[in-house]
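The values are calculated or read from the model by the stated rules, or taken from the named source; none is laboratory data. All values reported here derive from a predicted model rather than from experimental measurement. Positions of Cβ are generated from backbone atoms using ideal geometry, with glycine treated the same way; all protein chains shown enter the neighbour counts.
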Amino acid sequence: MARVALVTGGTRGIGAAIAKTLKAAGYTVAVNYGGNDEAAQKFTAETGIKAYKWDVGDYDACAAGIAKVQAEVGPIDVLVNNAGITRDGMFHKMTKDQWSAVIRTNLDSLFNMTRPVWEGMRDRSFGRIIVISSVNGQKGQMGQVNYSAAKAGDIGFVKALAQEGAAKGITVNAICPGYIGTEMVQAIDENVLKTRILPQIPVGRLGTPEEIGRCVAFLASDDAGFITGSTLSANGGQNMA
């Protein structure tokens, strides 16, 4: 029987690429999304992957959503915590709402999503928790104090939880993408991309969502069973941590 993978924020961008890559690798995949019904319907129509709507910042919604996925699809073997938002602004202008929204979605969600699947993984002596952090959680980024703090917290979560899961056959790892050619990044002014962003990247290009998908597929595989508590930097050499 195929292992079941659940990807949060899985109907667009990096999350959609992850979901498609896992499906191609033989997993039974379900995705979560937060608000864009049109994108979710289009994704499901194109891929055949079921999409489930709930707010990853709400623990009760996560518990209920996960229970529904497991009833309809099967016990979750691979959880990819990918959902994230930005609310950028210089710190002297940042509001409490900007701070709280990012921490809630990008960091609190790790507890909200992982806690409901953790005991089942322990009981089955197998699990893969993969967290999509960010290069800015490693190096920081001006105008993103909230985002950088949350993404750095993601890495701490991974390192601590990996120690608890290791003896039970559960690996916990992070991937830190750099600039990836998603709709959001490609919407940046072309001159800004060419003069300010690409010069920071030694390989001279943006990454692709599919490259992050392949990183996830590897960490989810049996071949990666000896890798846990690790951070995989996929950033074209922008930050060599």
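Just so you know, in the stretch 90-122 the residues that are among the small types (Gly, Ala, Ser) and within 17 Å of the chain's Cα centre (by Cα) include one that is farthest from ALA160 (Cα to Cα), and it is ALA101. Out of contact with any Ser or Thr (no Cβ under 6 Å at 6 or more places or on another chain), surrounded by 10 or more Cβ atoms within 10 Å (Cβ to Cβ) and closer than 26 Å to ALA162 by Cα: does that describe ILE188? No, not satisfied.
Say whether the condition of being over 24 Å from VAL102 (Cα atoms), buried (at least 22 other Cβ atoms within 10 Å of the Cβ) and not basic (Lys, Arg) is met by at least one residue in the stretch 124-145. Checking the stretch 124-145: at least one residue is over 24 Å from VAL102 (Cα atoms), buried (at least 22 other Cβ atoms within 10 Å of the Cβ) and not basic (Lys, Arg). Of all the residues in the stretch 124-139, those that are touching a residue at least 40 places away in the same chain (Cβ under 8 Å) and within 14 Å of LEU107 (Cβ to Cβ) number 4. For the stretch 162-170, check the following and say yes or no: at least one residue is closer than 17 Å to ARG87 by Cα and small (Gly, Ala, Ser). Checking the stretch 162-170: not a single residue is closer than 17 Å to ARG87 by Cα and small (Gly, Ala, Ser). Residues considered: THR182, THR195. Of these, the only one that is surrounded by fewer than 20 Cβ atoms within 10 Å (Cβ to Cβ), closer than 30 Å to THR208 by Cβ and modelled with pLDDT under 95 is THR195.
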